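The block underneath contains the structure these notes are about, expressed in structure tokens.
The values are calculated or read from the model by the stated rules, or taken from the named source; none is laboratory data. Just so we're clear, the structure is a prediction, and the values are computed from it rather than from any experiment. Every residue, glycine among them, receives a Cβ derived from its backbone with ideal geometry; neighbour counts consider all protein chains shown. What goes into the accessible areas is simple: the full protein's heavy atoms, side chains included, and nothing from ligands, DNA or RNA. Shrake-Rupley method; radii C 1.70, N 1.55, O 1.52, S 1.80 Å.
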Amino acid sequence: MEYFIQQLINGLTLGSIYGLIAIGYTMVYGIIGMINFAHGDIFMIGAFISLAVFLILTSVLGFAFLPVVLLIVIIVAMLFTSAWGWTVERVAYRPLRGSFRLAPLITAIGMSIVLQNFVQVTQGARVKPLPPQIRGGVTLIEGSTEAGTIVVQLSYMQIIIIVTTVVLMAAFTLLISRTSLGRAQRACEQDRKMAALLGVDVDRTISLTFVMGAALAAVAGFMFLLLYGVIDFYIGFVAGVKAFTAAVLGGIGSLPGAMLGGLLIGLIEVFWSGYFSVEYKDVAAFSILAIVLIFLPSGLLGRPEVEKV
Amino acid sequence: MAASETQVPTSTQKPVGAQAQSEARRAAPHTTEAASKNRLAASLRDAALAAFLAGVLGFFFIGLRTDLAPGGLDIRARWGAWLTSIAIVFIGRLALNVFVFKAAHPVGEGVGAKIAGVGKAAPKLGKWLTRALFIFALALPFFFTTFFPGRDRQFIDLAILIMTYIMLGWGLNIVVGLAGLLDLGYVAFYAVGAYSFALLAQHFEIGFWAALPLAGLLAAFWGIILGFPVLRLRGDYLAIVTLAFGEIIRIVLLNWYSFTGGPNGISGIPKPTFFGLELGRGDDGFAAFFGIEYDPIQRFIYLYYIIFALALLTNLVTLRLRKLPIGRAWEALREDEIACRSLGINTRNTKLTAFAIGAMFGGFAGSFFATRQGFISPESFTFIESAMILAIVVLGGLGSQLGIVIASIVMIGGIEMLRNLGFLTQIFGPGFDPVQYRMLIFGLAMVLIMVWKPRGLVTTREPTAALREKKRIGADMVAQGEGH
Amino acid sequence: MSTIAEIDASAGAATRRWEHDPILSVEHLTMRFGGLVAINDLSFNVGRGDITALIGPNGAGKTTVFNCVTGFYKPTEGRIVMRHGLGRQDELVRQVTDSGLRWKKEGGQGIFLLERMPDHEISAKAGVARTFQNIRLFGGMTVLENLLVAQHNRLVVASGYSFGGILGLPSYRRAERTAIDRAVYWLEHTNLIDRADDPAADLPYGAQRRLEIARAMCTEPELLCLDEPAAGLNPRESAELNELLKFIRDNGTSVLLIEHDMGVVMEISDHIVVLDYGVKIADGDPTAVRTDPKVIAAYLGVEEEKEIDVPEVLEDVVEQVGELPSSLAPQPQAAPEKPADKRQRSGATKGGKS
């Protein structure tokens, strides 16, 4: 039981990260109907920028007060990663808007290759370890069995990750539902041509969608860095596929769905690793992707698609 | 949905040349001095913006570098490299602006017109190019042994590699180009073929030629198994599920130690024999039997002809199938699945045949890969391979056999050429290794070629039947599948 | 049912082939999309060798009926019986229904329960071909190729399931020549023979409509279902279409069509079924339907008017007047089934219809 609760907490933490990445997929799919293959690598870019900013603040400038450091890292990483998101859209997707469907998918894969290899070339192929920065936590349950003492712990890091995610999600939901930008975005999702006729700047709206997705991915990248303490140029691919699975599971195009899907994927992965096998944890995630798409193509919270004859 | 999505491209897509010309025409009346000054100012502004963006993007990657150091990570600055990259972007963008984007007479103008002219002459040109390429491919090993005796091995090896990708491209073309099913996990069948042969050879001592059909059948079988549940998915969803299947197979190969050897892979895979003759130095070898002098190059030449024959087989079968009802049904499926169903075509079976046949050729190529390398491990079958094969198919022009050849030569050959750029170390210093930029350049090329020609290099479709004359069909009319 | 009785009484002794020799019977068909009832307990027959028109105001559920008949939608309730061979074959129908089979062929007769069959079997086995309201051609393939794809099933067998074809056996070449001959036959009858080698997407609109009919006919159907074949045609093309449909009927294929153009409907139909809000409001020969007060009410919206569709009212008026003033000529293309679509979609959104 204690083990179960501990895994639950770990799963929710990991799921928060996937959820934040998944929002980027779901928004882009919602608005221009393409899988932004490079989004996982934007997440990776975010993680690298976070690492650099963190190192500058702590080892070069010598800041020691962690909360301020974390806040600065998040803000700077969001800003710079957004620039990457914007550029990817501008260079690889906008020229192909309205072209046939395969072209942007190929440029997206191309962009993903470019980002991975750019980081590999400029930062090296070896992993970058970062020792745990936030130690300690709250002990929830402490019990002893014949096997020894069992402790269920909610670490401060997990608290930070979950709270950050909740805050960002809330802010983001408000942004989409209350502001004119959110309205423009929803209008473009429904009918891009009509939105343009009604005076919505479609290009700008789509760009901002990429920027927002990238900003959230940057936060996810930073949290990934804190949680695992190791990043390399390749983390974006697997995390990206899992986050996409989360978006599909929740119902692509739905923001709460992306978050829910992320949490579920995180839980599944953690429980699978905990109870079955660590080696096949990615197989679990990929199988769920296939199963969901086959049996529940509209996801948990998505709108079903009707075949028009 | 269908109508709006499929018709948009025809209206918005203009050939680059024409677009450039129309822009030039718009600019033409203002070719006064003031206008050109304005243009220059705009170009400068634009280039400055691009440089600024490059600075922002590059700051944490080019400007700074984190490295492992004793006692944790160390971060150091590389301002020189950073400033150089900004300057390169500024100058490059400015040059592009001045000479192409904002110029009164863009440099690309003439090129665009020439390309349009080539397009018109395409059927004839295509036919001659095909013949020339075929003859060259046929004589290729002797061409290299005669003219490049010192480096023939390297060149023939490269030709084998390119030919393997051509075959894989042709195999995937059945699935993506003809049937319009987006498959991002094609490498799975390549892996199935390779592992089938390796395991058959390891456990039952079956030779290459006996294992080849078995490997193809096994791959086709896996194509059906994987295809069956997913083929009702459309477009991007199908792509992502096939990607997931490809990864699942790779992870299983990686972790099933007792069967596949895990990350260590399988080594000692036998080389193909020539009607029972080994291509080795021994007394019962090929050279001894025919009474010629042994030369290690013979094995390379033999391997080249094997993959050449396999690729040719793929091509011939595909061309035949296109003219058969099944091939027409594939193309019809790509055009409009609902209409297919209304005509009594069992779309599921039709898709499965495409998947299975494509997988079979992937399996053949996989067997060849195993026998060529003599060693396989899951590392050779990552997603990037699938992406490269798909890129070759799409860049070549969906459905075009010739386009795939050109794309393979350009993309694979081009990248391998980077290995020969050793002289660059004299410019950039000894630490410079062009090979490490291969995938970066590959990715950039993918993006640039797609943006330049979204429908690929060869874009016309040849009808499979004609009453009076065969007229080639322009790409703007041909659907790309799953567009509804 | 009372409606039929009324019409029967008023129409007197018409031929009524659809009563004693129906090729298709739609029985108690109900189609719900989530909470929305698109078709409610609809029953009608299509007579063998007739041209039957399914008409009704926009949103009446006509295309939904088509989609149920051709298998693109699975009806919520009801039975759809397709018959090969003469007569009602009530005994065989009962047998097949009880047996749980999808279809059964006996000698020259055959019973096909379409609600049980997948869409491609409905075309391949039951011999029901269809066209689409928004034309669905294989745009990147030539006109001839479009017609060859339509003969897929026959050609696949002839090609030895591709194995013989790959080896280049002569039997396949013969079969392909026959298929091309059949395509040429229909190209000649649809006046498209000069465009045989052009891509289908290159044809003008009217020719595309004709090509879609030719393609459907190349499957050699027993029943041809046409979804607004005259939409967007000019008067001359429309007249040619009438001749084509009569030719098809006289050559032994029954026709079921949805049409807004009353000129077409009244001139060529042997039998008209009128739908409104998913319910049948009239059923009979053209004269009977034309004078039916319920039909007039539905089209003109005399009482509680919910949807007045101007083009259709116009058509009706034009029909009564008997000629088409060019300035008022209706443009059916502009008003194809929009409310129906909306209703279907919103219904489906609420529910869970794939």
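Some notes on this structure:
- Residues that are open to solvent by 10 Å² or more (accessible area, probe 1.4 Å), over 16 Å from C:ILE111 (Cα atoms) and assigned to a strand (DSSP E or B), drawn from region C:13-29: C:HIS28
- Region B:313-325: number of residues that are part of a helix (DSSP H, G or I) and either of a type in the set (D, E, K, R) or open to solvent by 20 Å² or more (accessible area, probe 1.4 Å) (or both): 7
- Subset of region B:281-307 (residues that are modelled with pLDDT under 75 and basic (Lys, Arg)): B:ARG281
- Boolean, C:MET82 is assigned by the TED database to the domain that holds C:ILE248 and in contact with a Pro (Cβ under 8 Å, 6 or more places away or on another chain): no
- A count restricted to region B:283-312 and to residues that are open to solvent by 40 Å² or more (accessible area, probe 1.4 Å) and of a type in the set (Gly, Ala, Ser) stands at 3.
- Selection from region B:348-364 of residues that are open to solvent by less than 30 Å² (accessible area, probe 1.4 Å) and facing chain C (nearest Cβ under 9 Å): B:THR350
- Within region A:144-167, the residues that satisfy the criterion of being open to solvent by less than 40 Å² (accessible area, probe 1.4 Å) and either in a helix (DSSP H, G or I) or within 14 Å of chain B (Cβ to nearest Cβ) (or both) are A:MET157, A:GLN158, A:ILE161, A:THR164, A:THR165.
Per-residue answers, yes or no, for (1) more than 16 Å from B:GLY344 (Cα to Cα); (2) basic (Lys, Arg):
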{"position": "C:GLY127", "(1), (2)": "no, no"}
{"position": "C:ARG130", "(1), (2)": "no, yes"}
{"position": "C:GLN133", "(1), (2)": "yes, no"}
{"position": "C:ARG136", "(1), (2)": "no, yes"}
{"position": "C:THR142", "(1), (2)": "yes, no"}
{"position": "C:GLU145", "(1), (2)": "no, no"}
{"position": "C:GLN151", "(1), (2)": "no, no"}
{"position": "C:LEU155", "(1), (2)": "no, no"}
{"position": "C:ILE166", "(1), (2)": "yes, no"}
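- Of all the residues in region B:378-390, those that are touching a helix residue (DSSP H, G or I) at 6+ places or on another chain (Cβ under 6 Å) and surrounded by fewer than 24 Cβ atoms within 10 Å (Cβ to Cβ) number 3.
- Checked against (1) assigned to a helix (DSSP H, G or I); (2) at the interface with chain C (Cβ under 9 Å from one of its Cβ atoms), B:ILE345 passes all but condition (1).
Residues checked against (1) within 16 Å of the chain's Cα centre (by Cα); (2) part of a helix (DSSP H, G or I); (3) acidic (Asp, Glu); (4) within 23 Å of A:PRO132 (Cα to Cα):
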| position | (1), (2), (3), (4) |
| --- | --- |
| A:PHE4 | no, yes, no, no |
| A:GLY11 | yes, yes, no, yes |
| A:GLY19 | yes, yes, no, yes |
| A:MET27 | yes, yes, no, no |
| A:ILE31 | no, yes, no, no |
| A:MET34 | no, no, no, no |
| A:GLY46 | yes, yes, no, yes |
| A:VAL53 | no, yes, no, yes |
| A:ILE56 | no, yes, no, yes |
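- The helices (runs of 4 or more DSSP H) found entirely in region C:52-152 that carry 3 or more residues being within 14 Å of chain B (Cβ to nearest Cβ) and open to solvent by less than 10 Å² (accessible area, probe 1.4 Å) are C:62-69, C:143-150.
- Hey, B:GLY327 closer than 25 Å to A:ILE109 by Cβ and in the same structural domain as B:TRP170 (by TED's automatic domain parsing) or not: no
- Condition met for B:PHE245 (on the phi < 0 side of the Ramachandran plot, open to solvent by 30 Å² or more (accessible area, probe 1.4 Å) and away from chain A (no Cβ under 14 Å)): no
A quick yes/no check of all residues on (1) part of a helix (DSSP H, G or I); (2) out of contact with any Gly (no Cβ under 8 Å at 6 or more places or on another chain); (3) within 14 Å of chain B (Cβ to nearest Cβ):
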{"residue": "A:VAL91", "(1), (2), (3)": "yes, yes, yes"}
{"residue": "A:GLN133", "(1), (2), (3)": "no, yes, yes"}
{"residue": "A:VAL138", "(1), (2), (3)": "no, yes, no"}
{"residue": "A:GLU142", "(1), (2), (3)": "no, yes, no"}
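- Among (1) in a helix (DSSP H, G or I); (2) farther than 27 Å from B:VAL175 by Cα; (3) facing chain B (nearest Cβ under 7 Å) - the single one A:ARG126 does not satisfy: (1)
- Selection count where residues are modelled with pLDDT of 85 or more and more than 9 Å from chain A (Cβ to nearest Cβ), scope region B:229-241: 0
- Close pairs (9 angstrom Cβ cut-off, 6 or more residues apart or separate chains): at the interface with chain A (Cβ under 7 Å from one of its Cβ atoms) in region B:442-453, aromatic (Phe, Trp, Tyr) and part of a helix (DSSP H, G or I) anywhere: B:GLY443/A:PHE118
- Search result, residues across region B:52-61 that are at the interface with chain A (Cβ under 7 Å from one of its Cβ atoms) and open to solvent by less than 30 Å² (accessible area, probe 1.4 Å): B:LEU57, B:PHE60, B:PHE61
- Selection over region B:248-280 of residues that are away from every other protein chain (no Cβ under 14 Å), free of Cβ contacts under 8 Å to residues at least 24 places away in the same chain and open to solvent by 50 Å² or more (accessible area, probe 1.4 Å) gives a count of 3.
- Any chance C:GLU228 is of a type outside the set (Gly, Ala, Ser), modelled with pLDDT under 90 and open to solvent by 30 Å² or more (accessible area, probe 1.4 Å): no
- Residue among A:SER277, A:SER287 that alone is of a type in the set (Ser, Thr, Tyr) and in a helix (DSSP H, G or I): A:SER287
- Checking A:MET78 against (1) touching a helix residue (DSSP H, G or I) at 6+ places or on another chain (Cβ under 8 Å); (2) open to solvent by 40 Å² or more (accessible area, probe 1.4 Å); (3) within 14 Å of chain B (Cβ to nearest Cβ); (4) modelled with pLDDT under 90, the condition it does not meet: (4)
- Those residues of region A:27-52 which are within 11 Å of another protein chain (Cβ to nearest Cβ), buried (at least 24 other Cβ atoms within 10 Å of the Cβ), over 23 Å from B:LEU68 (Cα atoms) and of a type outside the set (Gly, Ala, Ser), in sequence order: A:ILE35, A:ASN36, A:PHE37
- A:MET157 under 30 Å from A:THR139 (Cα atoms), in contact with a strand residue (DSSP E or B) (Cβ under 9 Å, 6 or more places away or on another chain) and touching a residue at least 60 places away in the same chain (Cβ under 8 Å): yes
The rows are residues; the columns are (1) touching a strand residue (DSSP E or B) at 6+ places or on another chain (Cβ under 6 Å); (2) of a type in the set (Gly, Ala, Ser); (3) closer than 16 Å to A:GLY19 by Cα.
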| position | (1), (2), (3) |
| --- | --- |
| A:ALA217 | no, yes, yes |
| A:ALA220 | no, yes, yes |
| A:VAL230 | yes, no, no |
| A:TYR234 | no, no, no |
| A:ALA258 | no, yes, yes |
| A:LEU263 | no, no, yes |
| A:LEU301 | no, no, yes |
